[in-house]
Amino acid sequence: MDFSVVVEYFPRLLSGAWVSLQLVFLSVVLGGAFALPIALARISPVAWIRAIPFTYIFFFRGTPLLVQIFLVYYGASQFDAVRESIFWPILKEPFWCAIIAFTLNTSAYTAEIFRGAIQAIPEGEVEACKVVGMSKAQMYRRVLLPRAFGIVLPAYGNEIILMLKGSALASTITILDLTGMARTIIARTYTPIEIFLAAGGIYLAISIVVIALFRQIELRQNRYLGTLSIKVPDKG
Amino acid sequence: MKLKKIVLGSALLLSAAVSSISVQAADKVRFVTEGAWAPFNFIDSAGMAQGFDVDIARALCSRMEADCEILVQDWDGLIPGLKVRKFDAIIASMSITEDRLKVVDFTNKYYSGGLRFMGRVGEKLDLSDLDGKTIGAQRSTLGAQYLEDNFTGKADLKFYDNQDNVYLDLLSGRLDIVLSDELPTYNWLKTAEGASKFEFKGNSFMKNDEIGIAVRKGDTKLKEKLNKALDELIADGTYQKINARYFPFSIY
């Protein structure tokens, strides 16, 4: 074991970590934005509207992320129609191909998380909204979505961490993210254990930040649950 | 189809059993190759490793009268895997370099390589000035290192897990130029995909590139055995026969 290589190459690992963070941040934000309408369509009372997000989610949850990345990066570029289209400047770039694949993937998972959260809201609260005469839009905006947001947090934090780890697959399409950078360094130094340990440490550090952040948001968002549980044993 | 597989499978098992009896005294040598570097090593439609490297490995085995196994592993994992004894010898068209000699030992060369650029047919390229071009190579190869050393910050460099993906991105137009070993490129330029659209650019360089079989550091016993067998293959013409299967000129 020779950890001097870690010291020597640490700045390059950090620059890789920065790319990983960009990948995760962009795809989680975009994926989250797409997930909401997908989740709402998924619980639509109309059967054919339900079917579209169902198929979408079924495909993206049922196939490996690596396959999805390859389909976007190597698959799409096989067709002349794609290469001559206006989208080629974007599809040409590995970074954007990764963003597209990650966004599609995470939006499918996140939509399922949102759907579960909305459906987990007690029926009584929905009925209460109807009783006071809220329209459907008001009900969602004032009660259901804020409630769902609180319920969704633990699972959503989990999804972001999964995305962080999934982002390592970007290294297979020439992106120098944390994993890609580590592999490129190892190609020169032949010290896989040391460099991968260092890269793993950086992934862990990022995860810890994400976990802590979500813990804070959860505490804040679900504060009323905390007070409730303190009051209950008071009775006896 | 299924029956054929069963018959074939049992025949293979039987022959394996027989051969292990006949050479029971010999040690087992686990060769490893990459399987993505045609025509030196590739996976055929039946899922078996084939190519020049594999033929040489088989010939060496029968020379050494050793019981051999040929494994396949991604390029990145070859040297790390050798170090942790997942296999005993890498025969994967690996160049003998100073960097690699720090971590593994090499036999004498079993062929010679050289690097050469390749690009689109008819496109004029000034190889001393490739600023702004997108150049691709396989990660952790001589070509990739050459690009890193000479073009970092000037050209847009892209490194791939294997050579097949380099070709795919050249075909899609994401890459302007590819730097790779001359011989596999020579072979690819003869395939339906590469011919007529792409051509060599400039002359080959780093002609002193010697390709050897890597063994664990200090495994002198295996290294000597391989060197001796290699000499014998060249002396008795077996090597030349294998060479002729892949190239109409000597690559030694």
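Please work out the Cα center distance from region B:174-252 to region B:29-90, rounded to the nearest Å. What the calculation gives is 14 Å, centre to centre. Dividing the radius of gyration of the alpha carbons in chain B by their Kirkwood radius gives 1.00 for Rg/Rh. Projected onto its three principal axes, the C-alpha set of region A:95-220 covers 69, 30, 15 Å, listed from the longest axis down.
Counting only residues at least eight positions apart within a chain, or on another chain, the lysines with an alpha carbon under 19 Å from that of B:Lys190 are B:Lys201.
Peptide B:94-107 shows a mean partner chain C-beta count of 1 within 10 Å per residue C-beta.
The antiparallel fraction among DSSP beta bridges confined to the protein assembly as shown stands at about 60%. Counting every pair of alpha carbons in region A:88-148, the share spaced more than 16 Å apart comes to 59 percent. Beta-bridge orientation, region B:115-205: approximately 60 percent antiparallel, per DSSP, counting only bridges with both partners inside.
What helices in chain A pass both tests, a Cα length along the helix axis of 18 Å or more and a mean Kyte hydropathy of 0.0 or higher, using whole DSSP H runs?
Both cut-offs are met by A:4-42, A:47-62, A:94-120, A:145-166, A:192-221.
Every pair of different Cα atoms in region B:115-205 enters the Kirkwood calculation, which places the hydrodynamic radius at 12.8 Å. Across peptide B:168-174, the mean count of Cβ atoms from other chains lying within 10 Å of each residue's own Cβ comes to 6. In the elastic network of chain B, a GNM with C-alpha springs shorter than 10 Å, the most mobile of B:Phe205, B:Phe42, B:Phe87 is B:Phe205.
For the charge dipole of region A:4-235, defined by +1 on Lys and Arg C-beta atoms and -1 on Asp and Glu C-beta atoms about the Cα centroid, which residue among A:Leu71, A:Phe25, A:Ala117 has the Cα displaced farthest towards the positive pole? Farthest along the dipole direction, towards plus: A:Ala117.
Helices assigned as whole DSSP H runs in chain B whose Cα atoms extend at least 27 Å along their own long axis and whose mean Kyte-Doolittle hydropathy is -1.0 or higher are found at B:2-22.
Among the listed pairs B:Lys154/B:Lys197; B:Lys207/B:Lys241; A:Lys165/B:Lys158; B:Lys109/B:Lys207, a Cα-Cα separation exceeding 18 Å is found for B:Lys154/B:Lys197; B:Lys207/B:Lys241; A:Lys165/B:Lys158. Each Lys and Arg contributes +1 and each Asp and Glu -1, all at the Cβ; summed about the Cα centre of region B:123-217, the dipole is approximately 200 debye. From the Kirkwood radius over Cα pairs of chain A, Stokes-Einstein at 4 °C and 1.567 mPa s returns a whole-number translational diffusion coefficient of 64 µm²/s. Considering only A:Gly200, A:Gly157, A:Gly133, the mean-square fluctuation computed in a Gaussian network model of chain A, springs between alpha carbons under 10 angstrom, is largest for A:Gly133.
Fewest-first ordering of A:Phe79, B:Phe52, B:Phe40, B:Phe198 by other beta carbons within 10 Å of each residue's beta carbon gives A:Phe79, B:Phe198, B:Phe52, B:Phe40. Which of B:Ser180, B:Ser204, B:Ser45 moves most in a GNM of chain B, Cα contacts under 10 Å? So, out of B:Ser180, B:Ser204, B:Ser45, the one fluctuating most is B:Ser45. Of all DSSP beta bridges in chain B, what percent run antiparallel (nearest 5)? Beta bridges within chain B, antiparallel portion: roughly 60 percent. Across all C-alpha atoms in region B:123-163, the radius of gyration and Dmax reach 10.1, 28 Å. Take the Cα radius of gyration of the protein assembly as shown and divide it by 2.2 N^0.38 Å, N being the number of residues; the result is 1.23.
Every number in this text was worked out from the coordinates using simple rules, so none of it is lab data. Model, not experiment: these values are computed from the prediction. Because the Cβ atoms are built from the backbone with ideal geometry, glycine has one as well, and the counts that use them run over all protein chains shown.
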